[in-house]
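Coordinate-derived values only; no laboratory data. Just so we're clear, the structure is a prediction, and the values are computed from it rather than from any experiment. Using ideal geometry, Cβ is built from the backbone for each residue, glycine included, and neighbour counts are taken over all protein chains shown.
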Amino acid sequence: MTTGGGEGADAVDSVLAALAEPTRRQLLDILAERGEVTATTLAERLPVSRQAVVKHLTVLDAAGLVTSRRVGREVRYAVRPAALNTTARWMAALAADWDRRLAYIKLIAESAEGDSQ
């Protein structure tokens with residue numbers, strides 16, 4: 001099973017690519033913990049520059065994982081948890097597929113074991 005061709009495949013690919021980078025996962029953790037915050041606040045919590053944080057937030061935004069809104073002169077970012085739903089469904093389907101395959105392999109192994117006795 002792959003993400004290609006199915007419904008939401010581009011969304012799943014974008015989310016997985018965005019989450020592949022440890023700094024972006026840290027940003028999501030901080031946003032989930034603190035709620036809506038600025039890039040400056042995020043940069044204070046990480047060993048990267050504010051500019052690097054903004055670049056990472058751009059990737060997360062493109063994947064649909066964060067939202068941004070302007071409040072006066074500031075841009076505030078927040079997690080958009082609903083964006084993970086498509087990816088979570090894909091992962092659940094993949095896990096179910098593997099469970100079926102492993103159950104079949106187990107059945108074959110047990111059958112072969114019974115035949116040899």
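Some points to look at:
- Only one of the numbered conditions (1) part of a helix (DSSP H, G or I); (2) of a type outside the set (Val, Ile, Thr); (3) closer than 18 Å to Leu19 by Cα is violated by Gly64, and that is (1).
- Yes/no for Gly72 being on the phi > 0 side of the Ramachandran plot, of a type in the set (Gly, Ala, Ser) and exposed (fewer than 11 other Cβ atoms within 10 Å of the Cβ): yes
- Whichever residue in the range 70-83 is assigned to a strand (DSSP E or B) and in contact (Cβ under 8 Å) with a residue 24 or more places away in the chain and, among such residues, is farthest from the chain's Cα centre (by Cα): Glu74
- Residue within the range 94-110 that is under 14 Å from Ala11 (Cβ atoms) and part of a helix (DSSP H, G or I) present: no
- Where a residue in the range 33-59 is in a loop (DSSP other than H, G, I, E, B) and its partner, wherever it lies, is among the aromatic types (Phe, Trp, Tyr), with Cβ under 8 Å and at least six apart: Glu36/Tyr77
- Residue in the range 20-28 that is among the hydrophobic types (A, V, I, L, M, F, W, C), out of contact with any Lys or Arg (no Cβ under 7 Å at 6 or more places or on another chain), touching a residue at least 40 places away in the same chain (Cβ under 8 Å) and not in a helix (DSSP H, G or I) present: no
- Among residues of the range 93-117 that are touching a residue at least 12 places away in the same chain (Cβ under 8 Å) and loosely packed, with under 10 Cβ neighbours inside 10 Å, none has a Cβ under 6 angstrom from a residue that is assigned to a helix (DSSP H, G or I) and among the β-branched types (Val, Ile, Thr) at a sequence gap of 6+ or on a separate chain.
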